[in-house]
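A quick write-up on the structure given underneath.
The values are calculated or read from the model by the stated rules, or taken from the named source; none is laboratory data. Note that this is a predicted model, so its numbers are computed, not measured. Because the Cβ atoms are built from the backbone with ideal geometry, glycine has one as well, and the counts that use them run over all protein chains shown. All accessible areas refer to the heavy atoms of the entire protein, side chains included, with ligands and DNA or RNA removed. Shrake-Rupley method; radii C 1.70, N 1.55, O 1.52, S 1.80 Å.
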Amino acid sequence: MQTAACIFDLDGVIVDTARYHFLAWKRLTDQLGIHFTIEDNERLKGVSRMASLEIILEIGNVKMNEHKKLEYATLKNEWYVEYISKMTPAEILPGSIPFINELRKADIRTAIGSASKNTPMILERVGIRELFDAVSDGNIISKAKPDPEVFLKAAEMVHVSPDACVVFEDAVAGVQAALNAKMKCIGIGSPGILTKAHFVVPGLYEMNLAKLKTLENYT
Ligand code: G6P
Ligand code: MG
């Protein structure tokens, strides 16, 4: 099956926002007296805002009611938005723009598939909205990765069947979501962590059309 669309996760694939999520969660955990490390932050990759808070409360063994949870998640997001509102195009990860342009020249559709509700703001801040034919994000989905919803919506928006889509993902839950959508998946990061991906590259700077084509022979 020829690749007709590439769907990109945003955080950790196209832009380096994981550190801003970490800074904002850290500010909250300091306030709550929870010991939260950069290693703990790995568990939050690809995970929705509320589910991330649940993981943090579990780490700190802290119980709180739903109203308080919403209040703290909102506070974390206010801090996060404060950080990302200062982002510049310099924070686009290396190789992203050349690779996406190469795909577009080859008439392959490009889409975003991200859990983040802040996707529109990030794309606008770093000036890459026009590189994507469609944006499927946390504002239009109801089921978090590993549920395939976000990627299936992206495929639908660009009118391509799932088996002709390739997903680029840096999170374990995201790789699983791609497989659940019956799509091919290229992991961004370490093969030791993204064990279920069809293949793994350290970053989009290692990708090109020829490499993508080799994936078409994988089952
Ligand atoms: C991405 C990130 C997660 C984040 C989630 C929701 O998947 O990898 O770390 O929690 O988006 O982001 P949001 O901007 O909606 O809080
Ligand atoms: Mg990610």
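Annotation: the antiparallel percentage among DSSP beta bridges lying fully within the chain is about 5. Each peptide in 15-22, 171-178 was scored by the mean count of other Cβ atoms within 10 Å over its residues; highest first, the order is 171-178, 15-22. Take residue 201: with every protein chain present and a 1.4 Å probe, its accessible area is about 10 Å². Between 13, 96, 115, the Cα set farthest toward the positive side of the dipole of the range 1-130 (charges on each charged residue's Cβ, about the Cα centre) is that of 115.
Pairs with C-alpha atoms separated by more than 30 Å, drawn from the list 86/211; 105/184; 45/86; 153/213; 145/211; 86/213, are 86/211; 86/213. Between helix 96-105 and the chain there is an angle of about 40 degrees, using the helix long axis and the longest principal axis of the Cα atoms.
Averaging the Cα positions of each part gives two centres, and for the range 54-122 and the range 161-219 these lie 20 Å apart. Annotation for the range 103-172: trypsin sites (Lys or Arg not before Pro) lying in DSSP loop with at most 14 further Cβ atoms inside 10 Å of their Cβ are 143. Taking 0.36 nm per residue of separation and subtracting the current Cα-Cα distance, fully stretching the chain between residue 75 and residue 193 would add 39.4 nm. Over all other residues within a Cβ to Cβ distance under 13 Å of residue 142, the charged ones net out to +1, with Lys and Arg as +1 and Asp and Glu as -1. What does the charge count near residue 113 come to, summing +1 for each Lys or Arg and -1 for each Asp or Glu among other residues with Cβ under 10 Å from its Cβ? With Lys, Arg at +1 and Asp, Glu at -1, the net is -2. Simple point charges give the picture: +1 on the Cβ of Lys and Arg, -1 on the Cβ of Asp and Glu, and for the range 82-219 a dipole about the Cα centre of about 120 debye.
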